[in-house]
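Enquirer: Pasting in a structure now, in structure tokens, and then I'll have a few things to ask.
The values are calculated or read from the model by the stated rules, or taken from the named source; none is laboratory data. Just so it is clear, the structure is predicted and the values come from calculations on it, not from any experiment. With ideal geometry, Cβ positions are generated from the backbone for all residues, glycine too; neighbour counts draw on all protein chains shown.
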Amino acid sequence: MPKDSVLYFEHNGLDGFSTVDSVKLDEKGAFSFSGDKVGNPEFYRLRIAGQIINIGIDSTETVDVKASYPQMATDYTVKGSYDNEKIKELALKQIRLQSQCQSVLAERPELADSIIKTMLNDYKQDVTRNYIFMSLCVLTATLPYFNIS
């Protein structure tokens, strides 16, 4: 970890990111953030030296994140939240896709446009099918059933 690094806890709002709290890390890098409960689920991120972990926080959850610099963005664990596990999966998929696109650009520049277009379509279909639609199925299954006569 870079010496004298500052870890930022940032809120992702409609106007962009704003710092909620920050902490200067020592050599061990241990930290803890806590705050008032929010009324609605909100998106946040942990950021240090270009490494970012996106998290969602709901008023009913305590989220535990464990990470080590410099692989913080890809090699972290999150407990206490099913949704944050899915956010991590999506972040890793996006990082892999970006890396694959960069490789295609470097190795096959003459075919890059069509290959990357296919890769993006496959990614979008995967996310739509396995994350967006699955979330809607879970939501629908948990809604109360009303019988109005």
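For every residue, the table says whether it meets (1) assigned to a helix (DSSP H, G or I); (2) at pLDDT 95 or above; (3) closer than 25 Å to Asn84 by Cβ; (4) over 21 Å from the mean Cα position of the chain (by Cα).
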position	(1), (2), (3), (4)
Met119	yes, yes, no, no
Thr128	yes, no, yes, no
Phe146	no, no, no, yes
Ser149	no, no, no, yes
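Enquirer: Met134 versus (1) surrounded by 12 or more Cβ atoms within 10 Å (Cβ to Cβ); (2) at pLDDT 85 or above; (3) of a type in the set (A, V, I, L, M, F, W, C): which is the lone unmet condition?
Expert: Against the list (1) surrounded by 12 or more Cβ atoms within 10 Å (Cβ to Cβ); (2) at pLDDT 85 or above; (3) of a type in the set (A, V, I, L, M, F, W, C), Met134 comes up short only on (2).
Enquirer: Residues in segment 59-79 that are surrounded by 15 or more Cβ atoms within 10 Å (Cβ to Cβ) and either in a loop (DSSP other than H, G, I, E, B) or among the hydroxyl-bearing types (Ser, Thr, Tyr) (or both): how many?
Expert: So the count comes out to 6.
Enquirer: Within segment 1-31, restricting attention to residues that are within 19 Å of the chain's Cα centre (by Cα) and in a loop (DSSP other than H, G, I, E, B), which residue is surrounded by the fewest Cβ atoms within 10 Å (Cβ to Cβ)?
Expert: Looking at residues that are within 19 Å of the chain's Cα centre (by Cα) and in a loop (DSSP other than H, G, I, E, B), I get Leu14.
Enquirer: Let me ask something additional. Restricting to segment 32-57, what's the tally of residues that are under 22 Å from Leu92 (Cβ atoms) and in a loop (DSSP other than H, G, I, E, B)?
Expert: Total meeting the criteria: 3.
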